[in-house]
Amino acid sequence: MLSISKVDSRSFSLCCYVNRTDQIQIVRISNIDEWYFEKVIFPQQRLLFDALPEAELEVYSKNSSETTRISCEGLLVD
């Protein structure tokens, strides 16, 4: 869960991720202390979320044994 006291002075930004596959994916952010984010994303679904720029989005797919990590800085919405 988000602990406001730990991160309230940090700047969150709007990010966007699109599942461009035909697989259901699970995405999560777990590299920020005192904060955890996880969602199920269906094929072709767009996800808008707030995150710190230093956060990393981890993407898991059923048919892939590898985890893809994407910097949230690269997912920022203009």
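What the Cβ-Cβ distance of Glu38 and Ser13 gives, at R0 = 30 Å and to the nearest 0.05, is a FRET efficiency of 0.95. Contact order for the stretch 11-75, expressed relative to its length and based on alpha carbon pairs under 8 Å spaced 6+ residues apart, stands at 36 percent. For the stretch 47-52, the Karplus equation 6.51 cos²θ - 1.76 cosθ + 1.60, evaluated at θ = phi - 60°, returns couplings of 10, 9, 7, 9, 8, 7 Hz by residue, with Gly and Pro reported as x.
With helices as the sole contributors, the chain gives -500 deg cm²/dmol at 222 nm; each DSSP H run of n ≥ 4 counts as -39500 (n - 2.57), and the sum is divided by every residue.
Bear in mind these aren't lab numbers, they're just calculated from the coordinates by the rules spelled out. Just so we're clear, the structure is a prediction, and the values are computed from it rather than from any experiment. Positions of Cβ are generated from backbone atoms using ideal geometry, with glycine treated the same way; all protein chains shown enter the neighbour counts.
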